[in-house]
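This report concerns only the one structure given below.
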Amino acid sequence: MKVRELFNGKVYTVSNLFTLLRIIAVPVIIYYMHLEKTTGNRGYMYYQVFYFGVIIVSDFFDGFIARNFNQASRLGQFLDPVADKICLISIGSSLVYYKGFPFCVLVVVLLREFVVVLGAVLLFARRDIEVQPGILGKLGVACMALSALLYMASIDYMFFNMVSVKLIVVSLILIFYIPGSVLYVKNYSAYCFREKKI
């Protein structure tokens, strides 16, 4: 697969537009995080939550539209995971810096994503195969998104005055991401060395 082949076929689609919208929303969210920290005005929190909601909604609709309205494209298949990684790395790092999200958890998530991206790029470039995310990976991403909302909105509800909702969700991220990473490496290795399709 060559880069120019990504632009063969459909390029200007509503689905791809939603994907670009996710990428554009990222620096806006980071900007409002910066304003909240430097000015102390918690009102900027609502803008962060709103634009993160835009990312979540557009993430759903770009895939939905591509599947159901015949807008699937090579460019979309490439841009969608790229947009996901940009959101994860940029917003995750900003949450650590501005909102106190656990750095060690972000490191685990980024290491897993690095392995996934490396494997996906190799398969896509050499064998023209798109790697589909597993259920554990999807659950991990969902928990990461939920934790982002909790940290942006500074919600730290305590269950029975003992365990915070933030701690529960962050723990779930690790529970889903670590086994998911092991399974991904196992499946990818099996495909590479035994030529079995994931």
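For this structure, a couple of remarks:
- Checking ILE129 against (1) of a type in the set (Val, Ile, Thr); (2) at pLDDT below 90; (3) assigned to a helix (DSSP H, G or I), the condition it does not meet: (3)
- Set side by side, the residues LEU172, LEU149 differ, and just one is within 15 Å of the chain's Cα centre (by Cα) and under 23 Å from VAL57 (Cα atoms), which is LEU149.
- Residue count, the range 1-38 (criterion: of a type in the set (Asp, Glu) and modelled with pLDDT of 80 or more): 1
- Among the residues of the range 147-164, those identified as modelled with pLDDT of 90 or more and not hydroxyl-bearing (Ser, Thr, Tyr) are ALA148, LEU149, LEU150, MET152, ALA153.
- Failed item, numbered, when ILE65 is tested on (1) without any contact (Cβ under 8 Å) to a residue 12 or more places away in the chain; (2) surrounded by 14 or more Cβ atoms within 10 Å (Cβ to Cβ): (1)
The values are calculated or read from the model by the stated rules, or taken from the named source; none is laboratory data. Note that the structure is predicted; figures quoted are calculated from it, not measured. Neighbour counts are summed over all protein chains in view; Cβ atoms, including those assigned to glycine, are modelled from backbone coordinates with ideal geometry.
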